[in-house]
Amino acid sequence: MTSPSVPPDHPRAESLRVREKLIERYHEGVVASAGLIAHGRGEAFDYLMGEKTTGPALRAIEAAAAAIITAKKPVISVNGNVVALAAEDVVKLSQVTGARIEVNLYYRSLERERAIKKILERAGASEVLGVGKDASARIPELGSERRRVDPHGILVADVVLVPLEDGDRTEALVKMGKRVIAVDLNPLSRTARKASITIVDNIIRATPKLTKTAGILRKQGRKNPADILRNFDNKKNLAESFALIHRRLLKLAKEKKHSTLEDEKLDL
Ligand code: ATP
Ligand code: MG
């Protein structure tokens, strides 16, 4: 990600570059205005967790990979923020696992759907479901445009990956009997609590790890995906994230000097 307006030596350069990218995509009509707010909420939780993939997140990623590779009809649901932050990574995940990609938006408009599809195609996607008339099916129990889905995608999927999702839709998909995998930095969100598997991590870090893990699990045969899934408890995993934040804040509270996130990273 490059942006001329972010000085490379700025201590928060990467975070600022990500923001610039989202703002750029917002002006292109890809990211919704509420998507910028959602990103800020995510950033706050990322700070609390030290901006790195945690142990509980790694275990959730392994369970998610097991779920996707053993699914009959896995689908990756994408919105504006997802393509702005991880279009190439989502396409790679789809190629490695065979999961189909579907556009699903809280704020639907044909222009936004098409713009998202274009970015995905530029990133190498050969198929993008859920655009325009293709989103002709409806999820029960949901109002508004959010319920529109592709009859060949989310409607018939057994496993749906929903990064940066809204709680209501997560709950509705679970009620339809689907295994729902969320990627959400906020372990307190309704999405995080309602999903079958919650990866509490930044989508930018989690997606390549998910792809790599799915590839390894697929080839190896050393670890049985069914065993991984049987042993995974989402409630317990979320509790581990809460405990991790708690421990980290206690440690910071006891420190004599006030170190920044960057100081901590240097200490590692
Ligand atoms: P919920 O409806 O699940 O209770 P919410 O209303 O607080 O959540 P939404 O706007 O519906 O939030 O969903 C956006 C979610 O995406 C937020 O919980 C936010 O923490 C998360 N999020 C934002 N950016 C990222 C990111 N880069 N990676 C992972 N999660 C993110
Ligand atoms: Mg919400």
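Summary of computed values
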item	result
Whole-number percent relative contact order across the chain, with pairs defined as alpha carbons under 8 Å at least 6 apart	22
Separation in nanometres of the label points that stand 7 Å from Cα toward Cβ, at LYS256 and GLU20	3.9
For the chain, projected area of the alpha-carbon convex hull averaged over all directions, nm²	14.6
Binned Cα-Cα distances of segment 63-147, short to long, each 10 Å bin given as a whole percent	17, 48, 31, 3
Packing rank of 49-61, 67-79, 23-35, 87-99, where each peptide gets the mean count of other beta carbons within 10 Å, highest leading	67-79, 87-99, 49-61, 23-35
Pairs from LYS73/LYS133; LYS52/LYS178; LYS73/LYS194; LYS72/LYS212; LYS72/LYS235 whose Cα-Cα separation, in the structure shown, is over 27 Å	LYS52/LYS178
The chain, accessible surface, carbon-and-sulfur percent (1.4 angstrom probe)	54
Average accessible area per residue (Å²) across segment 134-268 - probe 1.4 Å, nucleic acids and ligands excluded	54
Euclidean distance between Cα centres, segment 117-162 to segment 181-198, Å	20
Ranked by how many other beta carbons lie within 10 Å on average, peptides 194-204, 222-232 from highest	194-204, 222-232
Residue-averaged [θ]222 nm for the chain, counting only DSSP H segments that reach four residues, each worth -39500 (n - 2.57)	-17000 deg cm²/dmol
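The values are calculated or read from the model by the stated rules, or taken from the named source; none is laboratory data. Everything quoted here is computed from the prediction, not taken from an experiment. Counting neighbours? That spans all protein chains shown, and the Cβs are built from the backbone with ideal geometry, glycine included. Surface accessibility is based on the protein's heavy atoms, side chains included, excluding ligands, DNA and RNA. Shrake-Rupley method; radii C 1.70, N 1.55, O 1.52, S 1.80 Å.
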